[in-house]
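The values are calculated or read from the model by the stated rules, or taken from the named source; none is laboratory data. The model shown is predicted, which means the values in this text are computed figures rather than measured ones. As a convention, Cβ positions derive from the backbone with ideal geometry for all residues, glycine included, and neighbour counts pool all protein chains shown. Please note that ligands, DNA and RNA were not included when accessible areas were found on the heavy atoms of the full protein model with its side chains. Shrake-Rupley method; radii C 1.70, N 1.55, O 1.52, S 1.80 Å.
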Amino acid sequence: MKAIVYREYGGPEVLQLAEVNEPRPGRGQVAIRVEASTINAADYRLMRANPFLVRLMNGLLRPKRRRVLGQDVAGVVVAVGEDVTRFRTGDRVFGETPMTADGAFAETCVADERSLAKLPDEVDFEDGAAMALAGTTALQGVRLAGVTAGTRVLITGSGGGVGLFAVQVARRLGANVTATCGPGSVELVRSLGAHRVLDYSRTDVSTLTEKFDAIVAINGYQALSTFRRLLEPGGRYVMIGGSNRQLFEALLLARPWFALFGQRAAALSLDSSRQALDLEQLAQWRREGALRVVVEQRFPLERVAEAMARAEAGHVKGKLVVSLSRLTA
């Protein structure tokens, strides 16, 4: 089968289209004929081994455990492993591939049963792939921030894949949403239901004077002191992604510091025990038309390197989709 492989760490130039053996599902896994995947930050961080800790998981000098990237997957089950009870061959599914195996930039991949959900016939494969990681990240992040009806929530970095879902999830839950994004995404974010959209090139978050019940900070960097000041007593701050510096600060400094003011702070770590349920919720909302999937561009499998370079350049509106039905090589 065809797959995009990388045999050394580096930039998009290390990604090559090659013929590889088809994977077989292990216990609790299914094999999936891949119809679509997407580009995520996790993919290019693994590709470049940045942060360095990636090498401890995937090989010190070169990739060993995961030589095919692609975390998101949507496709059709073609084989099931032992102890699989929720799926059978022919099922349409979407979800995530395990980081300990090759990913979905391939014609076939394997995934753990617990990391998948059935994809309704009314939802296309590209939407399923785009919702998988970004959608569950947004849903769990908004939930961790304690967002409910009437919550005043600030969502920074709202123009990317996770951010666009976070705005919609918060609105779905009845929150009052203030969102920040780049100038090219203002109208898009507004169209998804944000009550107020701030162009960060014109309005610095640190100059805001109002306070919020919750803050969901996605990627980028902003001083913790700014977020702490913008939170109401009892408010919650949740960091999703972000720079190494921001991750360090969130893990080591934010929680005890915010607690001094009766506030809560956390860096999101995805809860795998809820993954299938969250995927089902996203699929239901998409089927009902209550969730919009924004795709900036679609690429065939042989152009994954180009897609990766586009993702690393930043300021992507929504998701970059890898469509296997567009394979031409």
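A few remarks follow.
- Average Cα contact separation per residue, the chain, under 8 Å, 6 or more apart, as relative contact order %: 18
- Volume of the convex hull of the stretch 125-178 (Cα atoms only), normalised per residue: 61 Å³.
- In sequence order, calculated HN-Hα J values of the stretch 76-90 (Karplus, 6.51, -1.76, 1.60; Hz; x Gly/Pro): 10, 5, 10, 6, 10, x, 4, 6, 7, 10, 8, 9, 9, 4, x
- Share of Cα-Cα pairs in the stretch 250-316 lying beyond 17 Å, as whole percent: 70
- Fully extended contour minus Cα-Cα distance, from Ser273 to Ser206, at 0.36 nm per residue: 20.5 nm
- All-pairs alpha carbon distance profile, the stretch 20-61, 5 Å steps from 0, percent: 5, 17, 16, 13, 25, 21, 3
- Nearest-0.05 FRET efficiency for Ala223 and Glu280, computed from C-beta distance (R0 35 Å): 0.40
- For the stretch 199-229 versus the stretch 231-308, the gap between their alpha-carbon centres in whole angstrom: 16
- Accessible surface of the stretch 34-155, 1.4 Å probe, proportion on carbon and sulfur as whole %: 49
- Entry for volume of the Cα convex hull per residue in Å³ (calculated from the structure that is shown) out of [x] 127; [y] 187; [z] 140: [x]
- Computed about its Cα centre, the charge dipole of the stretch 192-311 is approximately 120 debye, with only Lys, Arg, Asp and Glu carrying charge at their Cβ.
- In the stretch 92-196 the Cα-Cα distances spread across 5 Å bins starting at 0 as 2, 12, 20, 19, 16, 13, 11, 5, 1 percent of all pairs.
- Of interest is the spacing of the C-alpha centroids, which for the stretch 66-89 and the stretch 167-182 amounts to 33 Å.
- Shape call, the stretch 183-240: gyration tensor on alpha carbons, a/c limit 1.5: prolate
- Phi angles across the stretch 289-305 convert, under the Karplus curve 6.51 cos²θ - 1.76 cosθ + 1.60 with θ = phi - 60°, into 3J(HN,Hα) values of x, 8, 9, 9, 9, 9, 10, 6, 7, 10, 10, x, 4, 5, 10, 4, 4 Hz, Gly and Pro given as x.
- Calculated FRET value between Asn50 and Asp121, using beta carbons and R₀ = 35 Å, to 0.05: 0.30
- Surface per residue (accessible, 1.4 Å probe) for the stretch 50-174, Å²: 38
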